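Working notes, structure below.
Only the coordinates and a few stated rules stand behind these numbers; no lab work does. Keep in mind that what you see is a predicted model, and the values were worked out from it rather than measured. With ideal geometry, Cβ positions are generated from the backbone for all residues, glycine too; neighbour counts draw on all protein chains shown.
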Amino acid sequence: MKRLIGLTAVALAMVLAIGVPHAAEKLKVGFIYVGPIGDHGWSYQHDQGRLAIEKELGDKVETVYVEKVSEGPDAERAIERLARQGAGLIFTTSFGFMNPTLKVAERFPNVKFEHATGFKRSKNVATYNARFYEGRYIIGQAAAKVSKSGVAGYIASFPIPEVVMGINAFILGAQTVNPDFKLKVVWVNSWFDPGKEADAAKVLIGQGADIITQHTDSTAPLQIAGEKGVHGFGQASDMIKFAPKAQLTSIVDNWAPYYVARTKEVLNGTWKSEDTWGGLSAGTVEMAPYANVADDIVKAAKETEAKIRSGALHPFTGPLQKQDGTEFLAAGKVVDDGTLASMNFYVKGVDGKLPQ
Amino acid sequence: MKLILEKRSEQSRAMALLSPLLAIAITVVIGGIIFASLGLDPFKALHVYFVEPVTSLWSIEELIVKAAPLVLIGAGLAICYSANVWNIGAEGQLTIGALFGSAIPVYFTTWQSPLTLVLMLVLGGVGGALFAAIPAALKNRFGANEILTSLMLVYVAQLLLDWLVRGPWRDPKGYNFPQSVPFEGWQLLPLLGEGRVHIGAIFAVIAVIALAIMMGRSLRGFEIRVIGNSPRAGAFAGFDQKRVVWFSFLLSGALAGLAGICEVAGPSGELQPNISPGYGFTAIIVAFLGRLNPIGVLFAGILLAISYLGGEAAQVELGISDKTAQVFQGMLLFFILACDTLILYRVKIVSGRPATAKV
């Protein structure tokens with residue numbers, strides 16, 4: 001509770017410190033967040049991107065945001081509110097905002113929209129995402145090296161392709177070290193629910209996992225890992241402060257370069273609706289400094305990172321089999337983006353059944 | 001000198017009307033103080049919060065969209081609570097209503113006729129009423145406390161919805177995202193005007209008028225009030241308490257179910273794991289703020305809708321946390337309950353030694 005109050009205070013102080021300047025000729029850039037900006041995960045990192053726009057472009061822009069917008073009927077109103085208040089560029093930063101974004105975009109043809117992680121575009125709706133699976137592959141490798149029990153626990157949100165490909169990349173990375181590595185997945189059906197995430201972490205540790213990783217937005221799983229004396233990975237932001245003894249590294253979402261670039265394009269009039277999918281090489285995905293881990297493991301992780309960055313290694317390279325043993329990729333073949341973006345099966349080695 | 005509360009010999013009628021207004025006034029004043037302590041201009045903040053939502057056509061439309069389910073559910077709950085029947089599970093009845101109604105577009109994806117919509121709405125009401133029948137039956141048959149049973153059934157309903165949209169009812173083309181097929185054409189409520197206002201708003205107004213007439217002019221309304229005030233007196237008048245329990249649960253359940261299907265076939269346009277931001281619970285505040293009077297509920301629903309929209313506007317324009325809306329709603333209910341004390345008690349200023357100190 002104390003921590004929560006602390007976070008809220010920090011968030012509030014940040015908001016107040018920024019203030020909201022008023023000027024007609026400025027480009028107003030709006031953001032819709034699914035979580036609170038104090039989640040220190042997904043929404044927090046998007047907000048860091050917003051702050052980067054303010055820092056970089058100064059008095060040419062003005063930014064506004066709405067946080068904790070639920071992925072339901074309220075989303076459309078929140079997006080439309082920003083459009084009505086004169087925002088020229090609006091980032092909607094969760095998958096569930098896809099249809100509301102398109103609906104509002106149709107009514108405001110002169111406003112540019114950017115939807116994160118979606119697959120539907122229109123003339124004024126662009127999409128963007130990051131290749132987080134590249135980071136997942138690296139942490140999978142590190143997990144298999146650190147783990148003594150050979151079992152990792154994975155706290156997952158929704159069984160959408162984005163999340164499924166992350167799980168697959170993790171196990172593929174782990175299998176390069178230990179072909180018998182086990183991965184147990186718990187679905188919490190929420191992007192941000194510290195209570196459920198913590199419970200899931202406890203269950204997984206109880207089932208023998210000594211590595212905890214998650215595709216949810218709070219710091220709770222990592223904190224539980226710290227309390228129980230096992231290791232884990234941060235998600236979306238560097239969470240080392242919350243688990244100084246448990247975090248090995250973290251897959252950090254760095255939206256700042258993309259947000260600044262797109263804002264500049266709107267200012268220059270060169271903005272186009274397109275799909276952007278950057279990864280380690282584009283700087284959208286970063287690995288937080290390694291900690292609590294032996295030097296040789298760090299070295300190996302950095303080598304893998306360099307290979308992915310240069311394009312020498314793709315985490316999804318054949319021969320790969322699906323969970324049921326059927327062929328997914330022939331030897332030497334690399335998966336195409338379309339298959340990744342619609343992935344709805346586990347690869348061999350993941351425990352349990354994918355909710356279908 | 002000190003303040004004491006003195007019991008009134010009978011309930012104050014003036015206070016019964018003034019209490020919600022007083023509560024609103026205190027909420028606004030305390031709200032202003034909170035804004036000022038955040039370093040904001042309290043007048044501007046209150047303007048953004050309470051006035052702006054009613055200044056443009058768009059925001060008024062959005063206000064109606066938000067108020068419609070609150071009024072629809074709140075009106076039913078007002079009748080229920082007047083009968084001294086405590087249905088706390090409207091959120092669950094809303095959910096089941098939405099599920100029943102959505103079964104049509106989910107199973108008959110291509111069926112398009114005005115009848116589609118009518119059937120969806122009817123099923124929505126039936127679903128809500130059936131689900132409300134469970135706590136009613138448990139109360140009448142076994143004397144089970146309806147506050148607990150109706151509340152706990154909310155979780156049952158939400159988990160059922162959760163399972164359906166993630167499992168059997170999931171859109172096969174939805175990339176595994178937990179949502180049903182998108183509703184189309186006659187599976188959606190007709191819109192009124194350019195915005196998102198749908199005919200659910202008309203249902204809310206009809207419900208308010210019908211229930212106001214029933215409570216004021218009909219024997220059934222009289223029966224409900226008598227049983228609510230004194231079941232024994234009601235029994236002498238030949239009223240059956242069990243029948244009233246059945247009636248108020250089925251009525252409030254049906255209205256909650258109707259609100260549920262209207263949300264899904266209206267602003268949502270598809271079934272999702274979260275179909276309501278707690279309308280069924282907020283409607284409890286609405287019912288009390290509206291003095292358990294259907295007409296009062298109409299105004300109370302609009303006020304609560306303002307607090308939702310104002311909270312969102314305050315986030316965008318003032319950059320303050322979304323928690324403020326919750327703080328305002330919480331303060332409002334707290335002050336209403338506090339002010340209701342004044343209906344039964346009067347405040348007296350006593351000088352010198354307090355009267356109770358006499359031996």
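Things worth noting here:
- Charge tally in the Cβ shell below 13 Å around residue B:348, where Lys, Arg are +1 and Asp, Glu are -1, residue B:348 excluded: +3
- Within the stretch B:16-83, the proportion of Cα pairs with more than 13 Å between them is 74 percent.
- Counted charge near residue A:226, where neighbours are those whose Cβ lies closer than 12 Å (Asp, Glu -1; Lys, Arg +1): +2
- When the convex hull of its Cα atoms is projected in every direction, mean area for the stretch B:41-319 (nm²): 16.3 nm²
- Note on chain B: helix-only mean residue ellipticity at 222 nm, from DSSP H runs of 4+ residues weighted -39500 (n - 2.57) and normalised by residue number, equals -22500 deg cm²/dmol.
- Across the stretch B:1-130, the relative contact order, built from alpha-carbon pairs under 8 Å that are at least six residues apart, equals 15 percent.
- Shielding by partners for peptide B:156-169, expressed as the average number of C-beta atoms from other protein chains within 10 Å of each residue's C-beta, is 1.
- Shown here for the stretch B:17-116: chymotrypsin sites (Phe, Trp or Tyr not before Pro) in loop regions (DSSP other than H, G, I, E, B) with at most 13 other Cβ atoms within 10 Å, namely B:108.
- By the beta-carbon count within 10 Å of each Cβ, the least crowded to most crowded order of A:31, B:288, fewest first, is B:288, A:31.
- Among the listed pairs A:184/A:299; A:68/A:182; A:245/A:307, those whose Cα-Cα separation exceeds 31 Å are A:68/A:182.
- Put simply, the C-alpha atoms of the protein assembly as shown give a gyration tensor, and the ellipsoid matching it has half-axes of 48, 29, 27 Å, longest first.
- Exposed GluC sites (Glu not before Pro) absent - longest run of chain B, DSSP non-H/G/I/E/B, at most 10 other C-beta within 10 Å: B:11-193
- Averaging the sequence gap over all C-alpha pairs within less than 8 Å and six or more residues apart, then dividing by the number of residues, gives chain B a relative contact order of 36 percent.
- Considering only chain A, percent of DSSP beta bridges that pair antiparallel, nearest 5: 15 percent
- Near residue B:110: Cβ cut-off under 15 Å, other residues only, Lys/Arg at +1 and Asp/Glu at -1. The net charge is -1.
- Among beta bridges that DSSP assigns inside the stretch A:158-305, antiparallel share in %, nearest 5: 35 percent
- Our summary gives chain A a relative contact order of 17 percent, counting only alpha carbon pairs under 8 angstrom and 6 or more residues apart.
- Exposed loop sites here are trypsin sites (Lys or Arg not before Pro) assigned a DSSP state other than H, G, I, E or B and surrounded by at most 16 other beta carbons within 10 Å; excluding them, the longest clear run of chain B is B:174-357.
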